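Everything on this sheet refers to the single structure shown next.
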Amino acid sequence: MKVIPAMEPSATSRSRRSFLAGFGAAFATLGLSPALAAADAAKAAEKALPRKKITDPYVYKFSIGKFEAWSISDGWGTFKEGVTKKMWPPAERAQMQEVMRSRGERPDDMTLYINILLLRKDKEVILVDAGFGNVERDTWGWLGQAMASPEVGIRPEEVTHALLSHSHIDHIGGFAKEGRIIFPNAALHVLKAEVDFWRGKEPDFTKSHRTDNIPQMIKNVRNSFDTLQPNLVLHKDGDQILDGAITILAAPGHTDGHAIYRIKSEGQSLLHLSDLAHNHVLMFEDPAWFIDFDHDPEAAIASRRKWFAELSATRERAYGFHLPWPGLGVVASNGRKGYQWLPEAWRWDF
Ligand SMILES: [Zn+2]
């Protein structure tokens, strides 16, 4: 593991960039003819700005039986309005903030981690989700550089299996870019329910509190699936790959075909929680508290309850895509109606 050097773009670059972006957006909103020119100018200016180079990525090495494992940080996002923007139900946001405070967390600023699990056993290399992809942004899209780093050293062509937990951009983004498959030799395993949802005539978002551009998101996901089509392998709940070493489990709600994974080897196991929890305090304290990204909150809550109950009974090792990096820990009861996330202490002698 190494630490990313603090090479933030200068404050001037940042403010100039947001000024230009705001400028273009303002004209675009008004529908004025200078809009396009302004937007183009903003884009050109953004391209010309120096980007932070992640030359020393966050990589945490561990193992699951005979699997070598890496937890790679693809980056992070922060919701500046904290729980008051993203978390539901709104009537309980004050209580959520109180819980955050009581745990020493900032209630005004909710950080979402992007953790990618990479596994290797003999010639098999397995990637679980692919992050945002190599995008022009400082704070995410680090997976490629991490894989190329001396700490990992795995080329995209060497990935034999890829698992797609669901199709939101922070998970599918890194699998395809501009019609190109990034991991060309990897079978891409996904639940059939997930593909069916996005390719359906009218994907149903009526239960969701999402605030983003849903038609654009549907279009992007469909394009990704079209690109990835030759590599897609469709599954049902409970299917196994690699001689039973990995089980694909349906945990619907966040999306229709949201999957979690159990990885087993030599008597050890790990349950990859995917997006069963987006915060290490809130969804555990009360599994009925949910993020607006969920497509079907009620189903997402039911999935969370089911798996947290099981995990707190078995104390199986777990891994969270959005929990604080490196994302390993166990789920335990909190002695009340909810649970707590107990992060695993950092070790070097994996
Ligand atoms: Zn996610």
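Of the numbered criteria (1) outside any loop (DSSP other than H, G, I, E, B); (2) surrounded by 14 or more Cβ atoms within 10 Å (Cβ to Cβ); (3) within 16 Å of the ligand (Cβ to nearest atom); (4) not hydrophobic (A, V, I, L, M, F, W, C), the one residue 78 fails is (2).
Of 277, 288, 259, 251, all but one fail to be closer than 23 Å to residue 100 by Cα, within 16 Å of the ligand (Cβ to nearest atom), at pLDDT 95 or above and of a type in the set (A, V, I, L, M); the exception is 277.
Among residues of the range 319-340 being surrounded by fewer than 23 Cβ atoms within 10 Å (Cβ to Cβ) and within 16 Å of the ligand (Cβ to nearest atom), the one that is farthest from residue 57 (Cα to Cα) is 324. The condition of being out of contact with any strand residue (DSSP E or B) (no Cβ under 6 Å at 6 or more places or on another chain) and within 16 Å of the ligand (Cβ to nearest atom) does not hold for residue 182. May I ask you to list the residues in the range 169-210 that are at pLDDT 95 or above and among the basic types (Lys, Arg)? Matches in the range 169-210: 180, 192, 199, 201, 207. The residues of the range 185-194 that are more than 16 Å from the ligand (Cβ to nearest atom) and under 18 Å from the mean Cα position of the chain (by Cα), listed by number, are 188, 189.
Note on the range 116-136: residues that are part of a loop (DSSP other than H, G, I, E, B) and touching a residue at least 40 places away in the same chain (Cβ under 8 Å) total 7. Any residue that is assigned to a strand (DSSP E or B) and within 22 Å of residue 70 (Cα to Cα) - is there at least one of those in the range 276-284? No, that holds for no residue. Here residue 269 fulfils each of the conditions (1) within 16 Å of the ligand (Cβ to nearest atom); (2) touching a residue at least 60 places away in the same chain (Cβ under 8 Å); (3) within 18 Å of residue 163 (Cα to Cα) apart from (1). Would it be correct to say that residue 39 is surrounded by 13 or more Cβ atoms within 10 Å (Cβ to Cβ) and modelled with pLDDT under 90? Taking the combined requirement at face value, the residue satisfies it. Taking the criterion of being among the acidic types (Asp, Glu) and surrounded by 13 or more Cβ atoms within 10 Å (Cβ to Cβ), the residues of the range 206-252 that qualify are 237, 239. Only residues that are touching a residue at least 60 places away in the same chain (Cβ under 8 Å), surrounded by fewer than 22 Cβ atoms within 10 Å (Cβ to Cβ) and within 16 Å of the ligand (Cβ to nearest atom) were counted across the range 142-177, and they come to 1.
Over 21 Å from the mean Cα position of the chain (by Cα) and more than 20 Å from residue 261 (Cα to Cα) - does that describe any residue in the range 157-165? Looking for residues that are over 21 Å from the mean Cα position of the chain (by Cα) and more than 20 Å from residue 261 (Cα to Cα), one finds at least one in the range 157-165, hence yes. Inspect all residues belonging to the range 300-318 and state whether any of them is buried (at least 23 other Cβ atoms within 10 Å of the Cβ), under 19 Å from the mean Cα position of the chain (by Cα), touching a residue at least 60 places away in the same chain (Cβ under 8 Å) and not in a helix (DSSP H, G or I). No, the range 300-318 contains no residue that is buried (at least 23 other Cβ atoms within 10 Å of the Cβ), under 19 Å from the mean Cα position of the chain (by Cα), touching a residue at least 60 places away in the same chain (Cβ under 8 Å) and not in a helix (DSSP H, G or I).
Taken over the range 225-269, the criterion of being among the hydrophobic types (A, V, I, L, M, F, W, C) and over 18 Å from residue 301 (Cα atoms) is satisfied by 225, 228, 232, 233, 234, 241, 242, 245, 246, 248, 263.
The values are calculated or read from the model by the stated rules, or taken from the named source; none is laboratory data. Everything numeric here is computed off the predicted structure, so don't read it as measured data. Glycine also receives a Cβ, built like all others from the backbone with ideal geometry; neighbour counts cover every protein chain displayed.
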